[in-house]
Amino acid sequence: MADLRNEAQWNEHVSRAELTNAEPIGEGSQFVLVNRGREDTATIRVFDRPERLEFAVSSTGLDIDIIYTFAETDAGTTAVSIFNAHPKGFMKGLLPLLMPLIRRELIKQHANFTRFCETQPGSTET
């Protein structure tokens with residue numbers, strides 16, 4: 001999940017995702033993603049494996065803080081995500097109207113990500 005270069009494989013709106021600094025991936029790693037034709041930057045703010053991962057994402061009209069927490073369960077791993085949006089400019093007025101669409105899209109992309117994870121080598125799913 002921390003390696004955003006994988007996002008182009010499961011997020012149908014991301015056409016390109018590149019690491020812009022040296023590996024290994026961890027706190028401070030930076031990525032450029034092309035999402036729906038616009039370029040976004042993402043930085044790993046917290047990399048506390050295996051329990052927490054945080055990104056700061058910046059785009060033209062919106063900055064987003066994304067926080068993931070993980071817990072091991074008998075069934076696998078449970079992930080909880082929090083998305084805090086900070087709109088800029090005209091997006092301040094538009095964001096409340098877009099929230100129902102954004103929620104639907106997040107649910108859809110979560111399902112895509114889950115399928116991606118379950119098909120990777122080392123997955124316990126059959």
Checklist outcome for this item: In debye to the nearest 20, the charge dipole size for the chain, taken about the Cα centre with +1 at each Lys and Arg Cβ and -1 at each Asp and Glu Cβ, equals 620
Item to check | 222 nm mean residue ellipticity, helices alone, for the chain (DSSP H n ≥ 4; -39,500 (n - 2.57); rounded to 500) | outcome: -8500 deg cm²/dmol
Next on the checklist: Which residue, 119, 55, 99, has the largest displacement toward the positive end of the dipole of the chain when charges sit on each Cβ (Lys, Arg +1; Asp, Glu -1)?
Outcome noted: 99
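With a cut-off of at most 15 other beta carbons within 10 Å, and DSSP calling the residue loop, which GluC sites (Glu not before Pro) in segment 1-86 qualify? Please list them.
On the way: sites: 7, 12, 18, 27, 39, 51, 54, 72; in loops: 12, 27, 51.
Passing both the DSSP loop test and the Cβ count: 12, 27, 51.
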Checklist entry - So what is the relative contact order for the chain, in percent, with contacts set as C-alpha pairs under 8 Å and at least six apart? => result 14
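Would you please name the chymotrypsin sites (Phe, Trp or Tyr not before Pro) within segment 8-92 that are DSSP coil residues with at most 12 other C-beta atoms within 10 Å of their C-beta? Don't jump to the answer; show the numbers that get you there.
Values: sites: 10, 31, 47, 55, 68, 70, 83, 90; in loops: 90.
When the chymotrypsin sites (Phe, Trp or Tyr not before Pro) of segment 8-92 are filtered for loop state and at most 12 Cβ neighbours within 10 Å, 90 remain.
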Item to check | Neighbourhood net charge (14 Å Cβ-Cβ; Lys/Arg +1, Asp/Glu -1) for residue 54 | outcome: -2
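Throughout, read-outs are computed from the coordinates displayed, never taken from laboratory work. This structure is a prediction, so every number in the text was calculated from the model and none was measured. Counting neighbours? That spans all protein chains shown, and the Cβs are built from the backbone with ideal geometry, glycine included.
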